[in-house]
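The values are calculated or read from the model by the stated rules, or taken from the named source; none is laboratory data. Owing to the predicted nature of the structure, the values given are computational and were not obtained by experimental measurement. Counting neighbours? That spans all protein chains shown, and the Cβs are built from the backbone with ideal geometry, glycine included.
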Amino acid sequence: MNKRSQAVMDALRRVVQAARQSSAQCERLSGLTAAQLLILKSIQVHPGLSINDLAAVTLTHQASVSEVVGRLESRGLLVRTRSQEDARRRELQLTDSGLNALKLPVETVQETLIKAMDRLPPELLEHLADGLERLIQEAGLSHEPPAMLFEDGKAP
């Protein structure tokens, strides 16, 4: 293995390890997965988001966000309401229980990574995205849906 391949594998290991640790910490402290906390925090900062808006804010696919929102809704942590401006639009709002779940100051690895990507120069971020997309294609993983990190569908 050459040094560049080693550096890529080490970087991937660090991201996966940080994601695993972040998810475990979130579940231990709040009873929610890191993905669920990310969704709740995003709605807290931007009340009234639609599922599509939330997917854009969290840099996640709409289908993955929709699944997590459904689990949070079934636990009574958020509600979907009709928009006053457009009756076809459903907006997401936190319930009191959802707000209470956010009282602990826990930052998810997703938040950390999104902030880090925002600090990267645009051309470096473009090269990183291109390289990772190519790596996924070469590894034969393009068919895998990009679900939220460590969100397996089980409620803690």
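Structure notes:
- Residue count for region 98-144, restricted to those that are under 17 Å from His46 (Cα atoms) and small (Gly, Ala, Ser): 2
- Just one of the listed residues (Glu144, Glu73, Glu91) is among the acidic types (Asp, Glu) and closer than 30 Å to Met9 by Cα, and it is Glu144.
- Some residue of region 59-72 being within 21 Å of Asp118 (Cβ to Cβ), free of Cβ contacts under 8 Å to residues at least 60 places away in the same chain and of a type outside the set (D, E, K, R): yes
- Checking Leu49, Leu78 one by one, the residue that is at pLDDT 95 or above and either within 22 Å of Asp96 (Cα to Cα) or out of contact with any helix residue (DSSP H, G or I) (no Cβ under 8 Å at 6 or more places or on another chain) (or both) is Leu78 and no other.
- The residues of region 100-113 that are of a type in the set (A, V, I, L, M, F, W, C) and within 12 Å of Ile39 (Cα to Cα), listed by number, are Ala101, Leu102.
- Scan of region 137-148 for residues that are under 20 Å from the mean Cα position of the chain (by Cα) and modelled with pLDDT of 90 or more, ordered by number: none
- Residue check: Glu91 meets all listed conditions (1) surrounded by fewer than 15 Cβ atoms within 10 Å (Cβ to Cβ); (2) charged (D, E, K, R); (3) not in a helix (DSSP H, G or I) but one, namely (1).
- Boolean, Ser23 is of a type outside the set (Phe, Trp, Tyr), surrounded by 14 or more Cβ atoms within 10 Å (Cβ to Cβ) and within 17 Å of Glu111 (Cβ to Cβ): yes
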